[in-house]
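I have placed the structure first, in the form of structure tokens, so that the comments after it can refer back to it.
Where a number appears in this text, it was derived from the coordinates with a stated rule and is not lab data. On a predicted model such as this, the values are computed, not experimentally measured, just so you know. Backbone-built Cβ (ideal geometry, glycine too); neighbour counts: all protein chains shown.
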Amino acid sequence: MPSATHAAPLEYDFVVVSNRLPVDRVVDADGIDAWAPSPGGLVTALEPVMRDADGAWVGWAGQPALELDPFESGGIHLVPIALSADEIENYYEGFSNDTIWPLYHDVIESPGYHRVWWESYVAVNQRFADATAAVSAQGATVWVQDYQLQLVPRMLRIARPDLTIGFFNHIPFPPYGIFSQLPWRTQVIEGLLGADVIGFQRVADASNFSRAVRRLTGNPTRGPAIEVSLGTEPTRRVIAKSFPISIDARSFEALAREPRIQARAREIREGLGNPRTVMLGVDRLDYTKGIAHRMKAFGELLAEGRLNVEDVTLVQVASPSRERVEAYMNLRDEIELTVGRINGDYGTMSHQAISYHHHGYPRDEMVALYLAADVMLVTALRDGMNLVAKEYVASRFDEDGVLILSEFTGASDELKRALLINPHDIDGLKDAILAAIAMPRRERASRMRTLRRRVHEFDVARWSADFLTTLDQAKRGRFQRMSPTELVDELEWTLDSRKAH
Ligand code: GDG
């Protein structure tokens, strides 16, 4: 049964634009093509807004050279963008994932700078902008997502000055000393400045961006306000500030409370040989996540006899990611070599040191793993937010479990009662692991309670509401009328109230 039907009209008051549509093409048991929702936090957060505003979602359907008319799936109007095999290689795997991704994550890997990649990025961004301009009603609100589409805001503003445009960057924005490597740095900044509101994960990302704006365009900034004048365009005030993203905390907790998920968590522990401590890592297999660092720390603790393989198992879920990009192929080899070495050196017939899984799992299984884990290891070298940390906390309604969290994640700005670590400091990481394992129940509960309050209060619905309220205020011209001081007071208030937690 095909789940797609053609939708009309093609003029929407609210339009979300992201690289990928929130659906995956699947072939069902009868060999018939259908669309299955790919449920992520973003769809969950935006679904009610989409429904109320009768909105549309513009994005790529995930397969090469697929020319599709707009259709409806799961109650959402979808506007597919076609990408050729060359564009997937140059715009997506190349410029997005092998230039911007490493550059914005502190050049952990070397970014590639190739003019053909850039040209493809410009062409594809223009296609997204054109498609969005074509489906947006007069005066509509458009929300563009993430680093693959940084040129869309300006392209859209030139085509449709009547629109109100928001942009949210899910990954970090790097310090100017790093950003300035980019041969097309000014075009990227000008692309983003086409938006009315530009959202970042952390306060530091927003200030890195403002500094890049001052250096590259000379436009003055004050707190969250940027007075933008580009070429002959009239001066506009753009807001750049942090809106830390979150998760649908209630749905994680609800799953965790289901007896079948709890039974599965017990089964997972039994399958591991019932070790005293289960440690867990869940990441896309990405070099930003510090997977090798946590394995090094664990391996050394076993080597030194400070941990015993009978007592502690590390479960590592490394979901496949960007497998055609060379840096990711090399990373996989490196991680799998490390797992093999550690298991070979310290495993016994009955106990593996690391239980390693290169698959994606259904959400139910992830929550069972969160419940099964005494210690959650989030050791990213750089991460915009890190939702896994928040999912672990949301799932632990039993107020147990210890979160070890890298200070280089956006999440560490909010989750201060985790055990915060510097993943480059292997000795510090080893001490944190031992402290987590030895932590008394009362302290675990007290820390987890505080973390849970934070994640439940600032959930993903709150994130989208905060962003869209700010965008709506921009639309009504509220920020244009304020003095810079009033503006700072108005917008920084949210940040202060967040910091107080
Ligand atoms: C980017 C930024 C920012 C992972 N493996 C499986 C699975 N996952 C889910 C997790 C989590 C999501 O994927 C990963 O989110 P993260 O935030 O941890 O990391 P990125 O993918 O790098 O996301 C990041 C985020 O955007 C949002 O703005 O936080 O900093 O890099 O939800 O649970 N889910 C399932 N099976 C898996 O095997 N079901």
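Contact annotation: residue pairs with Cβ atoms under 8 Å, 6 or more positions apart or on different chains, pairing a residue in segment 345-365 that is touching a residue at least 12 places away in the same chain (Cβ under 8 Å) with a partner that is assigned to a strand (DSSP E or B) and of a type in the set (G, A, S), are Y356/A318; H357/A318; H358/A318; H358/S319; H359/S319; G360/S319; Y361/S319.
Against the numbered list (1) more than 15 Å from the ligand (Cβ to nearest atom); (2) at positive phi, T313 comes up short only at (2).
Please indicate, with yes or no, whether at least one residue in segment 38-52 is farther than 24 Å from E323 by Cα, surrounded by fewer than 17 Cβ atoms within 10 Å (Cβ to Cβ), more than 16 Å from the ligand (Cβ to nearest atom) and not charged (D, E, K, R). The answer is yes; a qualifying residue exists. Pairs are defined by a Cβ separation below 6 Å, a sequence spacing of at least 6 or placement on different chains, a first member in segment 203-217 that is charged (D, E, K, R), and a second member that is buried (at least 19 other Cβ atoms within 10 Å of the Cβ); the pairs so defined are D205/P172; D205/F173; R214/T221.
All of (1) over 20 Å from the mean Cα position of the chain (by Cα); (2) buried (at least 21 other Cβ atoms within 10 Å of the Cβ); (3) not acidic (D, E) hold for P172 with one exception: (1). When segment 268-290 is limited to residues that are more than 16 Å from the ligand (Cβ to nearest atom) and touching a residue at least 24 places away in the same chain (Cβ under 8 Å), the one that is nearest to E326 (Cα to Cα) turns out to be M279. Among the residues making up segment 208-236, those that are part of a loop (DSSP other than H, G, I, E, B) and out of contact with any helix residue (DSSP H, G or I) (no Cβ under 8 Å at 6 or more places or on another chain) are G218, S229, G231, T232, E233, P234, T235. The residue list L419, L387, L405, L415 contains one member that is free of Cβ contacts under 8 Å to residues at least 60 places away in the same chain, within 19 Å of M366 (Cα to Cα) and of a type outside the set (D, E, K, R), which is L405. Restricting segment 326-363 to residues that are touching a Leu at 6+ places or on another chain (Cβ under 8 Å) and of a type in the set (D, E, K, R), the residue that is surrounded by the most Cβ atoms within 10 Å (Cβ to Cβ) is R332.
Quick check on segment 379-394. Is at least one of its residues out of contact with any strand residue (DSSP E or B) (no Cβ under 9 Å at 6 or more places or on another chain), among the β-branched types (V, I, T) and farther than 21 Å from A297 by Cα? No, segment 379-394 contains no residue that is out of contact with any strand residue (DSSP E or B) (no Cβ under 9 Å at 6 or more places or on another chain), among the β-branched types (V, I, T) and farther than 21 Å from A297 by Cα. Taken over segment 237-283, the criterion of being within 30 Å of L192 (Cα to Cα) and under 26 Å from the mean Cα position of the chain (by Cα) is satisfied by V238, I239, A240, K241, S242, F243, P244, I245, S246, I247, D248, D283. Listed by first and then second residue, the pairs with beta-carbon distance under 7 Å, at least 6 apart or on different chains, first residue in segment 463-480 and farther than 13 Å from W143 by Cβ, second aromatic (F, W, Y) and outside any helix (DSSP H, G or I), are Q473/F479. Just one residue in the set S84, S136, S110, S120 is crowded, with 23+ Cβ neighbours inside 10 Å and more than 22 Å from F467 (Cβ to Cβ); that residue is S120. Of all residues in segment 142-183, those that are more than 16 Å from the ligand (Cβ to nearest atom) and either touching a helix residue (DSSP H, G or I) at 6+ places or on another chain (Cβ under 7 Å) or in contact (Cβ under 8 Å) with a residue 60 or more places away in the chain (or both) total 19.
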